[in-house]
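The values are calculated or read from the model by the stated rules, or taken from the named source; none is laboratory data. Quantities reported herein were computed from a predicted structural model and do not represent experimental measurements. Glycine gets a Cβ as well: all are built from the backbone with ideal geometry, and neighbour counts include every protein chain shown. Surface accessibility is based on the protein's heavy atoms, side chains included, excluding ligands, DNA and RNA. Shrake-Rupley method; radii C 1.70, N 1.55, O 1.52, S 1.80 Å.
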Amino acid sequence: MQEFSSWLTEANLPMVEDLDREFEARLAESSTLAFRVAYGVLRHREDAEDVAQEAFAKAYRSFRTMRERDRFRSWLVRITWRLAINRYRSNKRRLAREQVRREVRFQPNAADSVAVNERHARLWKAIDALPEKLRIVTVLAGIEEHDLREVALLLDIPEGTVKSRLFLARQRLKELLR
Amino acid sequence: MNDDQLKHDIEEVLSIDPSPEFAARVRTRIAANKQCSRTSASRVRWSLAGATLTAAAVMLVAVVSEPAETVMPYPVSIAGAEPKVEEELPATPVPQPIRKAPKVSEPEVLINPRDAAAFRKFVEGIQEHRIDVSQLIELQRRATESLTIEDIALMPLDALEPIVIEPLPSVRRIEGGSL
(Lines give C-alpha, C1' and ligand atoms only; values in the text may rest on other atoms or scores of the structure.)
Protein backbone atom coordinates (compact mmCIF):
# COMPACT_ATOMS: atom_id res chain seq x y z
CA MET A 1 0.00 0.00 0.00
CA GLN A 2 2.84 2.36 0.86
CA GLU A 3 4.52 1.54 -2.44
CA PHE A 4 1.29 2.37 -4.25
CA SER A 5 0.91 5.73 -2.53
CA SER A 6 4.54 6.61 -3.23
CA TRP A 7 3.97 5.67 -6.90
CA LEU A 8 1.03 8.08 -6.95
CA THR A 9 3.20 10.87 -5.60
CA GLU A 10 5.95 10.19 -8.10
CA ALA A 11 3.50 10.14 -11.01
CA ASN A 12 2.31 13.64 -9.93
CA LEU A 13 -1.34 12.72 -10.39
CA PRO A 14 -3.66 15.58 -9.44
CA MET A 15 -5.84 15.28 -6.36
CA VAL A 16 -9.26 13.76 -6.91
CA GLU A 17 -10.98 16.92 -5.65
CA ASP A 18 -9.19 19.08 -8.25
CA LEU A 19 -10.25 16.69 -11.00
CA ASP A 20 -13.83 16.69 -9.78
CA ARG A 21 -13.88 20.46 -9.75
CA GLU A 22 -12.44 20.62 -13.24
CA PHE A 23 -14.93 18.06 -14.50
CA GLU A 24 -17.79 19.98 -12.91
CA ALA A 25 -16.68 23.08 -14.85
CA ARG A 26 -16.62 21.04 -18.08
CA LEU A 27 -20.08 19.68 -17.33
CA ALA A 28 -21.44 23.19 -16.83
CA GLU A 29 -19.95 24.51 -20.08
CA SER A 30 -20.67 21.47 -22.30
CA SER A 31 -23.94 19.96 -21.09
CA THR A 32 -26.08 21.87 -23.60
CA LEU A 33 -23.69 21.03 -26.42
CA ALA A 34 -23.79 17.29 -25.66
CA PHE A 35 -27.57 17.33 -25.37
CA ARG A 36 -28.04 19.19 -28.66
CA VAL A 37 -25.66 16.86 -30.50
CA ALA A 38 -27.64 13.86 -29.24
CA TYR A 39 -30.92 15.61 -30.03
CA GLY A 40 -29.64 16.32 -33.54
CA VAL A 41 -29.63 12.55 -34.14
CA LEU A 42 -32.48 11.30 -31.98
CA ARG A 43 -34.93 14.19 -31.95
CA HIS A 44 -36.36 12.92 -28.69
CA ARG A 45 -35.67 14.81 -25.48
CA GLU A 46 -35.51 11.87 -23.07
CA ASP A 47 -33.39 9.71 -25.36
CA ALA A 48 -31.08 12.66 -26.05
CA GLU A 49 -30.65 13.28 -22.31
CA ASP A 50 -29.95 9.57 -21.69
CA VAL A 51 -27.28 9.50 -24.38
CA ALA A 52 -25.71 12.76 -23.20
CA GLN A 53 -25.62 11.39 -19.63
CA GLU A 54 -23.90 8.24 -20.84
CA ALA A 55 -21.37 10.34 -22.74
CA PHE A 56 -20.56 12.35 -19.61
CA ALA A 57 -20.24 9.15 -17.55
CA LYS A 58 -17.74 7.81 -20.10
CA ALA A 59 -15.96 11.15 -20.12
CA TYR A 60 -15.62 11.09 -16.34
CA ARG A 61 -14.12 7.60 -16.36
CA SER A 62 -11.47 8.68 -18.88
CA PHE A 63 -10.99 12.21 -17.55
CA ARG A 64 -8.09 11.45 -15.22
CA THR A 65 -6.02 9.80 -17.93
CA MET A 66 -7.03 12.19 -20.71
CA ARG A 67 -3.82 13.72 -22.02
CA GLU A 68 -5.27 16.87 -23.55
CA ARG A 69 -8.12 18.02 -21.38
CA ASP A 70 -8.52 21.21 -23.38
CA ARG A 71 -9.83 19.04 -26.22
CA PHE A 72 -12.57 17.78 -23.95
CA ARG A 73 -15.39 19.39 -25.96
CA SER A 74 -14.17 17.83 -29.19
CA TRP A 75 -13.90 14.42 -27.52
CA LEU A 76 -17.34 14.81 -25.97
CA VAL A 77 -18.96 15.75 -29.28
CA ARG A 78 -17.50 12.70 -31.02
CA ILE A 79 -18.46 10.27 -28.29
CA THR A 80 -21.98 11.72 -27.96
CA TRP A 81 -22.53 11.54 -31.71
CA ARG A 82 -21.33 7.92 -31.80
CA LEU A 83 -23.56 6.93 -28.87
CA ALA A 84 -26.53 8.74 -30.40
CA ILE A 85 -26.04 6.97 -33.74
CA ASN A 86 -25.83 3.61 -31.94
CA ARG A 87 -29.00 4.37 -30.00
CA TYR A 88 -30.77 5.49 -33.19
CA ARG A 89 -29.82 2.25 -34.95
CA SER A 90 -30.86 0.08 -32.03
CA ASN A 91 -34.18 1.95 -31.79
CA LYS A 92 -34.69 1.37 -35.50
CA ARG A 93 -33.93 -2.34 -35.16
CA ARG A 94 -36.27 -2.60 -32.19
CA LEU A 95 -39.04 -0.87 -34.10
CA ALA A 96 -38.44 -3.17 -37.09
CA ARG A 97 -38.67 -6.20 -34.80
CA GLU A 98 -41.89 -4.92 -33.30
CA GLN A 99 -43.11 -4.55 -36.89
CA VAL A 100 -44.39 -1.05 -36.24
CA ARG A 101 -43.89 1.16 -39.25
CA ARG A 102 -43.03 4.47 -37.73
CA GLU A 103 -40.71 7.27 -38.68
CA VAL A 104 -38.11 8.52 -36.23
CA ARG A 105 -39.99 10.08 -33.37
CA PHE A 106 -40.01 13.81 -33.56
CA GLN A 107 -41.48 15.62 -30.63
CA PRO A 108 -43.16 18.74 -31.95
CA ASN A 109 -42.98 21.73 -29.70
CA ALA A 110 -46.41 22.39 -28.26
CA ALA A 111 -45.79 26.11 -28.22
CA ASP A 112 -45.10 26.27 -31.97
CA SER A 113 -47.80 26.43 -34.58
CA VAL A 114 -48.74 23.41 -36.66
CA ALA A 115 -47.12 24.95 -39.74
CA VAL A 116 -43.86 25.55 -37.94
CA ASN A 117 -43.85 21.98 -36.61
CA GLU A 118 -44.48 20.62 -40.07
CA ARG A 119 -41.66 22.70 -41.50
CA HIS A 120 -39.34 21.45 -38.76
CA ALA A 121 -40.38 17.85 -39.38
CA ARG A 122 -39.59 18.20 -43.10
CA LEU A 123 -36.23 19.77 -42.28
CA TRP A 124 -35.31 16.92 -39.93
CA LYS A 125 -36.25 14.37 -42.55
CA ALA A 126 -33.99 16.13 -45.04
CA ILE A 127 -31.12 16.29 -42.53
CA ASP A 128 -31.57 12.56 -41.86
CA ALA A 129 -31.16 11.87 -45.55
CA LEU A 130 -27.68 13.47 -45.61
CA PRO A 131 -24.56 11.29 -45.45
CA GLU A 132 -23.10 11.15 -41.94
CA LYS A 133 -20.15 13.50 -42.55
CA LEU A 134 -22.43 16.19 -43.98
CA ARG A 135 -25.04 15.61 -41.29
CA ILE A 136 -22.70 16.12 -38.37
CA VAL A 137 -21.29 19.31 -39.87
CA THR A 138 -24.82 20.62 -40.43
CA VAL A 139 -25.90 19.80 -36.85
CA LEU A 140 -22.79 21.27 -35.23
CA ALA A 141 -22.95 24.39 -37.37
CA GLY A 142 -26.56 24.83 -36.28
CA ILE A 143 -25.59 24.37 -32.61
CA GLU A 144 -22.61 26.72 -32.79
CA GLU A 145 -24.56 29.38 -34.75
CA HIS A 146 -22.41 28.67 -37.78
CA ASP A 147 -19.08 29.54 -36.20
CA LEU A 148 -17.06 27.43 -38.63
CA ARG A 149 -13.83 27.77 -36.67
CA GLU A 150 -15.53 26.27 -33.62
CA VAL A 151 -17.02 23.45 -35.69
CA ALA A 152 -13.57 22.70 -37.13
CA LEU A 153 -12.14 22.52 -33.59
CA LEU A 154 -14.91 20.24 -32.40
CA LEU A 155 -14.48 17.83 -35.31
CA ASP A 156 -10.70 18.19 -35.44
CA ILE A 157 -10.75 18.88 -39.18
CA PRO A 158 -9.56 21.90 -41.17
CA GLU A 159 -11.87 24.88 -41.45
CA GLY A 160 -11.81 24.59 -45.24
CA THR A 161 -13.18 21.05 -44.99
CA VAL A 162 -16.01 22.28 -42.77
CA LYS A 163 -16.84 25.01 -45.29
CA SER A 164 -16.94 22.66 -48.26
CA ARG A 165 -19.01 20.02 -46.43
CA LEU A 166 -21.44 22.64 -45.21
CA PHE A 167 -21.81 23.98 -48.72
CA LEU A 168 -22.56 20.52 -50.08
CA ALA A 169 -24.98 19.82 -47.23
CA ARG A 170 -26.91 23.02 -47.90
CA GLN A 171 -27.14 22.26 -51.62
CA ARG A 172 -28.61 18.84 -50.86
CA LEU A 173 -31.00 20.17 -48.24
CA LYS A 174 -32.31 22.81 -50.63
CA GLU A 175 -32.97 20.13 -53.22
CA LEU A 176 -34.75 17.90 -50.71
CA LEU A 177 -36.85 20.72 -49.30
CA ARG A 178 -37.93 22.05 -52.68
CA MET B 1 -35.25 28.63 -49.98
CA ASN B 2 -32.09 30.70 -49.63
CA ASP B 3 -29.03 30.04 -47.47
CA ASP B 4 -30.01 32.51 -44.75
CA GLN B 5 -33.47 30.99 -44.37
CA LEU B 6 -31.98 27.50 -44.22
CA LYS B 7 -29.39 28.56 -41.64
CA HIS B 8 -32.10 30.18 -39.58
CA ASP B 9 -34.33 27.09 -39.71
CA ILE B 10 -31.48 24.74 -38.73
CA GLU B 11 -30.50 26.94 -35.79
CA GLU B 12 -34.14 27.11 -34.75
CA VAL B 13 -34.68 23.33 -34.65
CA LEU B 14 -31.49 22.88 -32.65
CA SER B 15 -32.12 25.69 -30.15
CA ILE B 16 -33.46 23.27 -27.57
CA ASP B 17 -32.10 23.07 -24.03
CA PRO B 18 -31.85 20.05 -21.75
CA SER B 19 -34.21 19.87 -18.78
CA PRO B 20 -33.11 21.78 -15.64
CA GLU B 21 -32.45 18.47 -13.81
CA PHE B 22 -30.10 17.19 -16.50
CA ALA B 23 -26.83 18.27 -14.86
CA ALA B 24 -27.99 16.93 -11.49
CA ARG B 25 -28.80 13.55 -13.07
CA VAL B 26 -25.34 13.41 -14.64
CA ARG B 27 -23.76 14.06 -11.23
CA THR B 28 -25.93 11.38 -9.61
CA ARG B 29 -24.97 8.85 -12.27
CA ILE B 30 -21.27 9.61 -11.93
CA ALA B 31 -21.50 9.30 -8.13
CA ALA B 32 -23.30 5.95 -8.47
CA ASN B 33 -20.63 4.67 -10.91
CA LYS B 34 -17.88 5.78 -8.51
CA GLN B 35 -19.51 3.86 -5.64
CA CYS B 36 -19.83 0.70 -7.75
CA SER B 37 -16.22 0.84 -8.85
CA ARG B 38 -14.99 1.37 -5.25
CA THR B 39 -16.99 -1.62 -3.97
CA SER B 40 -15.83 -3.87 -6.77
CA ALA B 41 -12.19 -2.72 -6.28
CA SER B 42 -12.29 -3.66 -2.58
CA ARG B 43 -13.90 -7.02 -3.42
CA VAL B 44 -11.15 -7.69 -5.93
CA ARG B 45 -8.51 -6.87 -3.28
CA TRP B 46 -10.05 -9.26 -0.73
CA SER B 47 -10.52 -11.98 -3.33
CA LEU B 48 -6.84 -11.64 -4.27
CA ALA B 49 -5.88 -11.87 -0.61
CA GLY B 50 -7.97 -15.03 -0.24
CA ALA B 51 -6.48 -16.50 -3.41
CA THR B 52 -2.95 -15.74 -2.16
CA LEU B 53 -3.67 -17.48 1.16
CA THR B 54 -5.02 -20.51 -0.66
CA ALA B 55 -2.00 -20.61 -2.96
CA ALA B 56 0.32 -20.40 0.07
CA ALA B 57 -1.54 -23.27 1.77
CA VAL B 58 -1.35 -25.40 -1.37
CA MET B 59 2.39 -24.71 -1.71
CA LEU B 60 2.96 -25.69 1.90
CA VAL B 61 1.10 -28.93 1.31
CA ALA B 62 3.28 -29.61 -1.72
CA VAL B 63 6.45 -28.87 0.26
CA VAL B 64 5.46 -30.98 3.25
CA SER B 65 4.39 -33.95 1.13
CA GLU B 66 7.81 -34.18 -0.62
CA PRO B 67 9.94 -37.09 0.67
CA ALA B 68 12.61 -35.96 3.17
CA GLU B 69 16.03 -35.89 1.65
CA THR B 70 18.65 -37.91 3.41
CA VAL B 71 21.71 -35.93 4.09
CA MET B 72 24.87 -37.80 3.29
CA PRO B 73 27.32 -37.77 6.10
CA TYR B 74 30.54 -35.95 5.46
CA PRO B 75 33.12 -38.12 3.75
CA VAL B 76 35.39 -39.82 6.23
CA SER B 77 39.06 -39.12 5.72
CA ILE B 78 40.84 -42.38 4.99
CA ALA B 79 44.31 -43.00 6.37
CA GLY B 80 46.77 -43.48 3.55
CA ALA B 81 44.98 -41.15 1.15
CA GLU B 82 47.05 -38.31 2.59
CA PRO B 83 49.74 -36.85 0.36
CA LYS B 84 53.07 -38.64 0.54
CA VAL B 85 55.12 -37.44 3.48
CA GLU B 86 58.51 -35.98 3.12
CA GLU B 87 61.59 -37.49 4.73
CA GLU B 88 61.39 -34.95 7.60
CA LEU B 89 58.26 -36.63 8.97
CA PRO B 90 58.67 -39.12 11.82
CA ALA B 91 58.98 -42.74 10.87
CA THR B 92 55.80 -43.92 12.56
CA PRO B 93 52.71 -42.10 11.02
CA VAL B 94 50.21 -40.68 13.50
CA PRO B 95 46.71 -42.19 12.84
CA GLN B 96 44.23 -39.50 11.68
CA PRO B 97 41.02 -39.30 13.62
CA ILE B 98 37.95 -40.33 11.61
CA ARG B 99 35.47 -37.47 11.55
CA LYS B 100 31.78 -38.29 11.13
CA ALA B 101 29.20 -35.63 10.32
CA PRO B 102 26.16 -35.56 12.58
CA LYS B 103 23.17 -37.38 11.05
CA VAL B 104 20.50 -34.87 9.97
CA SER B 105 17.11 -36.35 9.10
CA GLU B 106 14.89 -33.24 9.47
CA PRO B 107 15.54 -29.55 8.91
CA GLU B 108 16.14 -27.56 12.05
CA VAL B 109 12.87 -26.37 13.58
CA LEU B 110 12.85 -22.69 14.33
CA ILE B 111 9.24 -22.33 15.46
CA ASN B 112 7.42 -23.21 18.61
CA PRO B 113 6.96 -27.02 18.71
CA ARG B 114 3.28 -26.65 19.62
CA ASP B 115 2.72 -24.34 16.64
CA ALA B 116 4.61 -26.74 14.42
CA ALA B 117 2.44 -29.63 15.59
CA ALA B 118 -0.73 -27.65 15.00
CA PHE B 119 0.39 -26.72 11.49
CA ARG B 120 1.30 -30.34 10.74
CA LYS B 121 -2.21 -31.38 11.79
CA PHE B 122 -3.67 -28.72 9.49
CA VAL B 123 -1.60 -29.97 6.57
CA GLU B 124 -2.53 -33.59 7.31
CA GLY B 125 -6.16 -32.52 7.41
CA ILE B 126 -5.85 -31.07 3.90
CA GLN B 127 -4.02 -34.17 2.63
CA GLU B 128 -6.65 -36.49 4.09
CA HIS B 129 -9.41 -34.25 2.71
CA ARG B 130 -10.80 -33.56 6.16
CA ILE B 131 -10.36 -29.81 5.57
CA ASP B 132 -11.84 -28.22 2.43
CA VAL B 133 -9.57 -25.33 1.41
CA SER B 134 -12.18 -23.89 -0.98
CA GLN B 135 -14.46 -23.24 1.97
CA LEU B 136 -11.83 -20.97 3.47
CA ILE B 137 -12.22 -18.63 0.50
CA GLU B 138 -16.00 -18.68 0.90
CA LEU B 139 -15.67 -17.82 4.60
CA GLN B 140 -13.26 -15.02 3.71
CA ARG B 141 -15.67 -13.68 1.10
CA ARG B 142 -18.63 -13.70 3.47
CA ALA B 143 -16.65 -12.02 6.18
CA THR B 144 -15.60 -9.18 3.90
CA GLU B 145 -18.91 -8.77 2.04
CA SER B 146 -20.30 -6.24 4.43
CA LEU B 147 -17.08 -4.26 4.55
CA THR B 148 -17.48 -0.72 3.38
CA ILE B 149 -14.46 1.37 2.87
CA GLU B 150 -15.21 5.00 3.25
CA ASP B 151 -13.23 7.84 1.81
CA ILE B 152 -11.07 9.83 4.11
CA ALA B 153 -12.59 13.28 4.24
CA LEU B 154 -9.75 15.75 4.14
CA MET B 155 -10.26 18.89 6.17
CA PRO B 156 -10.27 21.90 3.84
CA LEU B 157 -7.43 24.34 4.39
CA ASP B 158 -9.94 27.15 4.92
CA ALA B 159 -11.18 25.47 8.10
CA LEU B 160 -7.72 25.57 9.70
CA GLU B 161 -6.98 28.53 11.93
CA PRO B 162 -3.93 30.50 10.87
CA ILE B 163 -0.88 30.22 13.12
CA VAL B 164 -0.13 33.61 14.70
CA ILE B 165 3.54 34.24 15.31
CA GLU B 166 4.14 36.98 17.81
CA PRO B 167 6.95 39.36 16.90
CA LEU B 168 10.11 38.94 18.95
CA PRO B 169 10.63 41.52 21.63
CA SER B 170 13.19 44.09 20.62
CA VAL B 171 16.79 43.18 21.47
CA ARG B 172 17.32 46.63 23.01
CA ARG B 173 14.70 45.99 25.64
CA ILE B 174 16.32 42.67 26.58
CA GLU B 175 19.95 43.76 26.64
CA GLY B 176 19.41 47.40 27.58
CA GLY B 177 21.81 48.69 24.93
CA SER B 178 22.35 49.12 21.21
CA LEU B 179 23.61 46.37 18.92
field: For the stretch A:44-89, alpha-carbon Rg and Dmax in angstrom
entry: 11.0, 33
- request: Quantify how strongly other chains surround peptide A:138-144 by giving the mean number of their Cβ atoms within 10 Å of each of its Cβ atoms.
  value: 4
- line: From most to least accessible, 1.4 Å probe, no ligand or DNA/RNA atoms counted, A:THR65, B:THR54 line up as A:THR65, B:THR54
task: Let me know the mean shielding of A:33-39 by other chains, meaning the per-residue number of their Cβ atoms within 10 Å of its Cβ.
output: 3
- line: Once all protein chains are kept in place, A:ILE127 shows an accessible area at probe 1.4 Å, nearest 10 Å², of 0
message: I'd like the Karplus ³J(HN,Hα) series for the stretch B:120-137: coefficients 6.51, -1.76, 1.60, θ = phi - 60°, whole numbers in Hz, and an x wherever there's a Gly or Pro.
response: 5, 5, 4, 5, 5, x, 5, 5, 8, 6, 7, 10, 9, 5, 5, 5, 4, 5
task: Apply 1/(1 + (r/R0)^6) to the Cβ-Cβ distance of B:ILE152 and A:ILE157, taking R0 = 51 Å, and write down the FRET efficiency to the nearest 0.05.
output: 0.65
- request: Determine ³J(HN,Hα), in whole Hz, for all residues of the stretch A:162-177 in sequence, where each value follows from phi through the Karplus function 6.51 cos²θ - 1.76 cosθ + 1.60 and θ = phi - 60°; x replaces Gly and Pro.
  value: 4, 4, 5, 5, 5, 4, 4, 4, 5, 4, 5, 5, 4, 5, 5, 8
Per-residue HN-Hα couplings for the stretch A:128-141 [Karplus 6.51, -1.76, 1.60; θ = phi - 60°; Hz; x = Gly/Pro]: 4, 6, 6, x, 4, 5, 6, 5, 5, 5, 5, 5, 5, 4
- prompt: When only alpha-carbon atoms count, how far does the stretch A:117-171 stretch along each of its three principal axes, as whole angstroms with the largest first?
  reply: 34, 19, 15
Pairs beyond 23 Å (Cα-Cα), from A:LYS125/A:LYS174; A:LYS58/B:LYS34; A:LYS92/A:LYS163; A:LYS133/B:LYS7; A:LYS92/A:LYS174; A:LYS174/B:LYS7: A:LYS92/A:LYS163; A:LYS92/A:LYS174
field: For the pair B and A, total buried accessible area rounded to nearest 100 Å², probe 1.4 Å
entry: 3000
